[in-house]
Amino acid sequence: MLQVFWGLLACEILNGKGRDVVEHTSLKRMKELIEKRYSEGMCSHHEYTQLNCWLVHWILVYSFTAKDLTNTGLFATILADNQLYGHNYLNVIQMRSESLQKYLIASFILARGQPNQRYQISRSAIEQIALPLAMEDIQNGHSELDGFSGFVKAIYEDYNIEKALEMVEKMAQQASEDFLLRNFVFDIKKQSYILIFETKCKLFRTIDMPSMVKYFGTSTPIDRAVDEISRHLNAEGFRVSVDNDQNMVSCKAVRGFERDIEIYERSQQMLVRTGKLNDQYSG
């Protein structure tokens, strides 16, 4: 029976079927059949892991060969929605982090621009899922040249805005050289810049729009970028004000205050650490 669904999934990928079709007629059914075979002792742990690996790779190909971001988001969903899909697919990424981690991070970044609310993943997915994996790989020396891991670290560990901006260009270069990611370079850059300026607004309470224009250019109108940044900030409990006369965007926490304090304190710690390093090397 499982072989039939492999064939069906292949046909759906080749014909570019919509996400709902792939997810509900093939993916979920295949997941159930694989789990059943393993629970009934019909396959070994090795075969069980192998089947999950194959399924992750097939959904990866489907997601990053789709033209619609709704379909692209399926890969992010199977990794981020633990209640629906468990941890097996995320475990596959951990086993092959050097080759698969950039797709996890890219899918989470792209998911921030998911147009359909039904398919949006947890807002904390990058920080809670991608960051630990990125940090582990960086510490092990596996991702020293990986712009995707470097970007996540710069944003969520170091709160280093300038470094994050550098990493966006590195991600774009690496994505342009990747068969599956090269069609998503523009969207990866756009959503990364939105995340950066959202984070900057949380840290410093204001961002100036002229500095945003430098990065968004003419491809993304500044008012649209501000709208998206405001949407994300509002969802996290910030009240956003836009002063078109002063070309400034400001935010103030109205809920989730504990998280706001944590971000501020960590930013201050980074400033102190930077000052000490400057004193050390200047001396």
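The values are calculated or read from the model by the stated rules, or taken from the named source; none is laboratory data. All figures in this text were calculated on a predicted structure; none of them were measured in a lab. Every residue, glycine as well, gets a Cβ built from its backbone with ideal geometry; the counts of neighbours run over all protein chains shown.
Annotations
- Subset of region 105-123 (residues that are in contact with a helix residue (DSSP H, G or I) (Cβ under 7 Å, 6 or more places away or on another chain), within 23 Å of H24 (Cβ to Cβ) and in a helix (DSSP H, G or I)): S107, F108, L110, A111, Y119
- Scanning region 1-37 for residues that are of a type in the set (K, R), without any contact (Cβ under 8 Å) to a residue 24 or more places away in the chain and out of contact with any Cys (no Cβ under 9 Å at 6 or more places or on another chain) gives K28, K36.
- Region 127-141 residues that are closer than 14 Å to K102 by Cα, paired with ones that are basic (K, R) and part of a helix (DSSP H, G or I) (beta carbon under 7 Å, 6 or more apart): A134/K153; M135/K153; I138/K153
- Residue within region 38-59 that is in a loop (DSSP other than H, G, I, E, B), within 26 Å of the chain's Cα centre (by Cα) and touching a residue at least 24 places away in the same chain (Cβ under 8 Å) present: no
- The residues of region 1-10 that are in contact with a helix residue (DSSP H, G or I) (Cβ under 9 Å, 6 or more places away or on another chain) and in a helix (DSSP H, G or I), listed by number, are L2, F5, W6, L8, L9, A10.
- Whenever a residue of region 147-173 is on the phi > 0 side of the Ramachandran plot, its partners that are assigned to a helix (DSSP H, G or I) and among the polar types (S, T, N, Q), lying with C-beta atoms within less than 6 angstrom and at least six residues away or across chains, give the pairs Y159/S267.
- Any chance V22 is in contact with an Asp or Glu (Cβ under 9 Å, 6 or more places away or on another chain) and either of a type in the set (G, A, S) or part of a helix (DSSP H, G or I) (or both): yes
- Screening A225 on (1) out of contact with any strand residue (DSSP E or B) (no Cβ under 8 Å at 6 or more places or on another chain); (2) at pLDDT below 85; (3) surrounded by 11 or more Cβ atoms within 10 Å (Cβ to Cβ) shows it passes everything except condition (2).
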